[in-house]
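A quick write-up on the structure given underneath.
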Amino acid sequence: MDRREFLESIVGLSALLPFAATLHARAAAAADLRTLSREQDAAVRSIAEILLPQTDTVGATQVGVNRFIDLLLTESMLERERARFLEWLAAIDARSRSLCGAPVAAARRADQEALIHYLDEQLPARPRTKSEQAALDQQPVTAERGYELLKHLVVFAYFTSGPVAKDLIDAPIIPGRYDGCVSV
């Protein structure tokens, strides 16, 4: 990622922070999962905890990344996108079964980490162009593509959560005052 892409992603993320804070609150208040099954939720939690584990800072599951993703799937994705995501999640579980002998959530921690390491190595070195993305969207479901989207969602959910935004990156939820075109 070059400097321009990084700055564009930060600007885009800061514009979504107030919206994401509302989604996090709604996800935390939800009584139960609405789209993910218990098994799918366990897979999302397992992968999220490997990507962003609890250390001296909060981990992904502590900030409710899985609940946030469930809310996004339920309320923000079109039916075909939601179905495709769930197919990708099943493909990740199938890859885990073939490599580790168990679904992601039931695999040993070392096997989970090896799977995530393998999937990380398959991520593209650069962002795809729109035409490349359109061509890939026509391809069969793979664990690698599913992991790519899941990782983006986990990272987005984590860094837009209240505890992380407030305590770790110390970013104001609403930016400070802006006085544009002020004559001096």
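What FRET efficiency comes out for GLN138 versus ALA94 if R0 is 25 angstrom and r is the Cβ-Cβ distance? Round to the nearest 0.05.
About 0.75, to the nearest 0.05.
Suppose R0 equals 22 Å. What FRET efficiency, 1/(1 + (r/R0)^6) with r the Cβ-Cβ distance, do THR55 and ALA114 give to the nearest 0.05?
Between THR55 and ALA114 the formula returns 0.60.
Compute the length gained on full extension between SER131 and ALA31: take 0.36 nm times their separation in residues and subtract their Cα-Cα distance, giving the result in nm to one decimal.
Taking 0.36 nm per residue and subtracting the Cα distance, the gain is 32.0 nm.
So what's Rg/Rh here for region 3-168, counting alpha carbon atoms and using the Kirkwood radius for Rh?
The Rg/Rh ratio comes out at 0.95.
Looking at region 81-113, which trypsin sites (Lys or Arg not before Pro) are DSSP coil and have at most 15 other C-beta atoms within 10 Å of their C-beta?
Filter output for region 81-113: ARG108.
Bear in mind that the values in this text are calculations on the coordinates, not laboratory data. Every value quoted in this text rests on a predicted model; they were computed, and no experiment measured them. In this analysis, Cβ positions are derived from the backbone assuming ideal geometry, glycine residues included, and neighbour counts consider all displayed protein chains.
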